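Accompanying notes for the structure given below.
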Amino acid sequence: MQVASYAQHSPDFAEKFMTLHQADTTLKCITVSPKMMEQLVKSHGEGRPENIMQAIAKLKSARIVTGNADYYQRAEELLQKNSSRFKAEQTYRSEEQHGAFYTRKDKKGNTVEFIMIREEPQYDKCIIINLTGDIDEEFLCFLYNNKSFKN
């Protein structure tokens, strides 16, 4: 039974990345579960557009991985190595940081995973944000244009 349930589980990018680097204790991952997402939507919904709140409610999980700046290159290499699964969408660069957005689509063409990688060299910091769930185009546009991701 365990083999069958494991075979059905497809790890998201952050899970795969953490597994590859499990020996490094400087790399940290925080997971926000569906229940926690529900609570975030309920408690912080005031003042946010309803469509964004609905999009957040459709997310299954969010993982935030932090580590040294070296991990940016490693994350990008892993994403590019798996280019049949992850599609590069957008990059950005400022004096303080740079980053990239990737998505993964299901067989029907729906976005089911969003990955943002960001490097802040002056702080020796890499951040990976990995969202999974039903991610519609409007929510993607919100994420791509959200200044808090890029600042």
Quick one: Ile56 ticks every box in (1) open to solvent by 80 Å² or more (accessible area, probe 1.4 Å); (2) β-branched (Val, Ile, Thr); (3) modelled with pLDDT of 75 or more except a single one, so which number is it? (1)
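Is one or more of the residues making up the stretch 60-67 among the polar types (S, T, N, Q), at pLDDT below 95, out of contact with any Phe, Trp or Tyr (no Cβ under 7 Å at 6 or more places or on another chain) and surrounded by 14 or more Cβ atoms within 10 Å (Cβ to Cβ)? Please lay out each step first, then the result.
Residues of the stretch 60-67 that are among the polar types (S, T, N, Q), as a first pass: 61, 66.
Retained after the next criterion (residues that are at pLDDT below 95): 61.
With the extra rule that they be out of contact with any Phe, Trp or Tyr (no Cβ under 7 Å at 6 or more places or on another chain), the set shrinks to 61.
After this cut, where a residue has to be surrounded by 14 or more Cβ atoms within 10 Å (Cβ to Cβ) as well, the list is 61.
There is at least one residue in the stretch 60-67 that is among the polar types (S, T, N, Q), at pLDDT below 95, out of contact with any Phe, Trp or Tyr (no Cβ under 7 Å at 6 or more places or on another chain) and surrounded by 14 or more Cβ atoms within 10 Å (Cβ to Cβ).
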I need the strands (runs of 3 or more DSSP E) fully contained in the stretch 77-129, keeping only those with at least 1 residues that are loosely packed, with under 14 Cβ neighbours inside 10 Å and modelled with pLDDT under 95. 87-93
I'm checking my understanding of the structure. Among residues of the stretch 1-32 that are polar (S, T, N, Q) and within 23 Å of Phe101 (Cβ to Cβ), which one is modelled with the lowest pLDDT? Ser10
Does at least one position in the stretch 136-150 carry a residue that is touching a residue at least 40 places away in the same chain (Cβ under 8 Å) and assigned to a strand (DSSP E or B)? no
Residue under question is Asp136, and the condition is that it be modelled with pLDDT of 95 or more and over 14 Å from the mean Cα position of the chain (by Cα); does it hold? no
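Do you know which residues across the stretch 14-36 are out of contact with any Leu (no Cβ under 9 Å at 6 or more places or on another chain) and surrounded by 13 or more Cβ atoms within 10 Å (Cβ to Cβ)?
Let us first name the residues in the stretch 14-36 that are out of contact with any Leu (no Cβ under 9 Å at 6 or more places or on another chain), namely 14-15, 19, 22-31, 33, 35-36.
Within the stretch 14-36, Ala14, Glu15, Asp24, Leu27, Cys29, Thr31 meet the criteria.
The values are calculated or read from the model by the stated rules, or taken from the named source; none is laboratory data. All figures in this text were calculated on a predicted structure; none of them were measured in a lab. Quick reminder, even Gly has a Cβ in these numbers, built from the backbone with ideal geometry, and neighbours come from all protein chains shown. All accessible areas refer to the heavy atoms of the entire protein, side chains included, with ligands and DNA or RNA removed. Shrake-Rupley method; radii C 1.70, N 1.55, O 1.52, S 1.80 Å.
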